[in-house]
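One structure below.
The values are calculated or read from the model by the stated rules, or taken from the named source; none is laboratory data. Computed from a predicted model, the values in this text were never measured in an experiment. No Cβ is skipped: glycine too gets one built from the backbone with ideal geometry, and neighbour counts run over all protein chains shown. When the accessible area is computed, the model is the full protein with side chains, heavy atoms only, and any ligands, DNA or RNA have been set aside. Shrake-Rupley method; radii C 1.70, N 1.55, O 1.52, S 1.80 Å.
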Amino acid sequence: MPSPITILIDADACPVKDEIYRVAERFGAQVRVVSNSPFRVPVSERVKRVLVDDSFDAADDWIAEEAARLGARCMVITGDILLAERCLKTGARVLKHDGHEFDAASIGSAIATRALMADLRAGMDGVGGGPARFSKADRSRFLQALDRVLVGMSRSQN
């Protein structure tokens, strides 16, 4: 019998945790909520909170190492492009909170765009509005993408 799918959540800035819990239950997936501060998680044998120390990148390091251990049976939920790149290299699937799936073809341009935006922000001396508000459409897109990817991962285990 194949091992269950495991979803690793980069939890500190994740606006779709509740949606992940519901969909994971439907698919029988394990969920690990990874952060350096405590989050309330549902009482479920499938959902576990992983509390890491507050050192720089401790949560990212834990997620990347676990993704490497799990490989193709792992899905990572993160908005962190550099963490996404690390996890893709392990064979894990990676979804952003808005439903965008990172893959080998898109990660390079995402990293380049991230670097360009960092340079632009640095030249603006703090002027700027930050990311757009998370919308109902983002949540809906995320749920559709999560379901699509989990269906594909489930089929590939058979």
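Only one of these conditions is not met by ALA59: (1) free of Cβ contacts under 8 Å to residues at least 24 places away in the same chain; (2) open to solvent by less than 20 Å² (accessible area, probe 1.4 Å); (3) touching a helix residue (DSSP H, G or I) at 6+ places or on another chain (Cβ under 9 Å); (4) not basic (Lys, Arg). Which number is it?
Every condition holds for ALA59 apart from (1).
Please pick out the residue among GLU25, GLU85, GLU19 that is within 20 Å of SER140 (Cα to Cα) and surrounded by 15 or more Cβ atoms within 10 Å (Cβ to Cβ).
Answer to the check: GLU19.
List pairs: first in region 1-14 and within 17 Å of ILE63 (Cβ to Cβ) and assigned to a helix (DSSP H, G or I), second open to solvent by 10 Å² or more (accessible area, probe 1.4 Å) and modelled with pLDDT under 95, Cβ under 6 Å, 6+ apart or cross-chain?
Between residues of region 1-14 that are within 17 Å of ILE63 (Cβ to Cβ) and assigned to a helix (DSSP H, G or I) and residues that are open to solvent by 10 Å² or more (accessible area, probe 1.4 Å) and modelled with pLDDT under 95, the close pairs are ALA11/PHE39.
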